[in-house]
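> First the structure, then my questions, so here it is.
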Amino acid sequence: MKKFPVEMKNSPFFEGIEETEEEKVLKGLDAHEMTYDKENYILHCGEQVKEMGLLVSGGLLIVQEDFWGNRNLVAKIGPGDVFAETFACMQRRNINVNVIAEEAADVLWLNVQNILNADGETEGWKLVLLRNLLENMAEKNLRFNEKLTHMGKRNTREKLLSYLSAEAQKHGTSEFDIPFSRQQLADYLSVERSAMSTELGKLRDEGMLSFRKNHFCLNRDAYL
């Protein structure tokens with residue numbers, strides 16, 4: 001691979017990298033691509049991670065599972081997103097989540113240690129990637145804090161309203177699509193799907209919102 005795929009060019013991790021540097025960057029990161037079938041486990045909880053991944057195509061789920069198989073959906077990964085970067089940077093701690101292919105996926109694996117352990121004068125592209133990596137980690141930390149805010153609410157109704165309100169603010173409009181299916185949303189908020197569906201029905205009947213599949217429209221004039 002000598003040139004970036006489109007998904008890499010559009011990835012925030014590679015923002016600021018010139019086209020003339022692409023081959024050098026790929027070589028410098030020991031880049032290699034692998035393909036995974038739907039529902040394959042790409043990374044298993046407890047294993048050591050030596051490289052971070054960048055999703056080229058398909059979709060991934062970051063999932064925590066307890067001893068009995070109960071799932072907590074941590075995040076959903078789309079093309080251009082990176083994952084496992086924190087553990088690839090540390091290398092002293094094993095990953096505490098599973099990474100699963102939601103659909104057939106192509107992943108570009110990158111040796112991030114090659115930009116962390118620079119010898120002598122650091123090349124410009126490495127400084128660019130270090131900045132992007134830091135910004136990516138900061139953004140994910142904000143997302144995680146946002147998730148904790150939703151999960152800290154007292155009941156399923158309040159968790160739903162917290163999440164949907166945040167999505168409306170993120171999109172800048174009261175009408176938007178969410179990235180989750182019903183089961184994924186329930187796993188993300190750590191609630192039972194049936195209870196969540198019941199609350200969504202109640203909120204719709206009360207005029208708080210309307211929805212069709214993963215498309216939602218919130219009513220600004222409604223009140224709790």
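> On C-alpha positions alone, give me the angle between the axis of helix 156-171 and the longest principal axis of the chain, in degrees, nearest 10.
It works out to around 50 degrees.
> Let me ask something additional. What Rg and what Dmax come out for segment 135-209 when only alpha-carbon atoms are used, in angstroms?
12.7, 41
> Which value at 222 nm does the chain reach when only helices count, each DSSP H run of 4 or more adding -39,500 (n - 2.57), with the total divided by all residues and rounded to the nearest 500 deg cm²/dmol?
-11500 deg cm²/dmol
> Let me ask another. Using mean Cβ contacts within 10 Å as the protection proxy, how do 53-59, 131-137 order, highest first?
Final packing ranking: 53-59, 131-137.
> Hey, another quick one. Can you send over the carbon and sulfur percentage of the accessible area for segment 72-224, probe radius 1.4 Å, protein chains only?
48
> Also, quick follow-up: Going by average Cβ neighbours within 10 Å, how do the peptides 103-110, 4-11 rank, with the highest at the top?
Taking the mean over residues of other Cβ atoms within 10 Å, the ranking is 103-110, 4-11.
> Report, by chain and number, residues whose modeled amide H sits under 5 Å from the one on Val112, excluding near sequence neighbours (fewer than 5 apart, same chain).
Amide H neighbours of Val112: Met52.
> Over all alpha-carbon pairs of the chain, lay out the pair-distance distribution in 5 Å bins, whole %, shortest bin first.
Reading upward from the zero bin: 1, 6, 12, 17, 17, 14, 12, 9, 6, 4, 2, 1, 0.
> Based only on Cα atoms, what Rg/Rh ratio does segment 1-103 have, Rh being taken as Kirkwood's radius?
1.00
> Let me ask something else about it. Return the long-range amide H neighbours of Ile42 (sequence gap of 5 or more, or a different chain), with a cut-off of under 5 Å between placed amide H atoms.
Here Val99, Ile100, Ala101 satisfy the definition.
> Another one. Against the longest principal axis of the chain, how steep is helix 124-151, in degrees 0 to 90 to the nearest 10, with axes from Cα atoms?
20
The values are calculated or read from the model by the stated rules, or taken from the named source; none is laboratory data. Everything quoted here is computed from the prediction, not taken from an experiment. Here Cβ is always computed from backbone atoms with ideal geometry, including for glycine, and neighbour counts include all displayed protein chains. Keep in mind that these areas ignore ligands, DNA and RNA; they rest on the heavy atoms of the full protein, side chains included. Shrake-Rupley method; radii C 1.70, N 1.55, O 1.52, S 1.80 Å.
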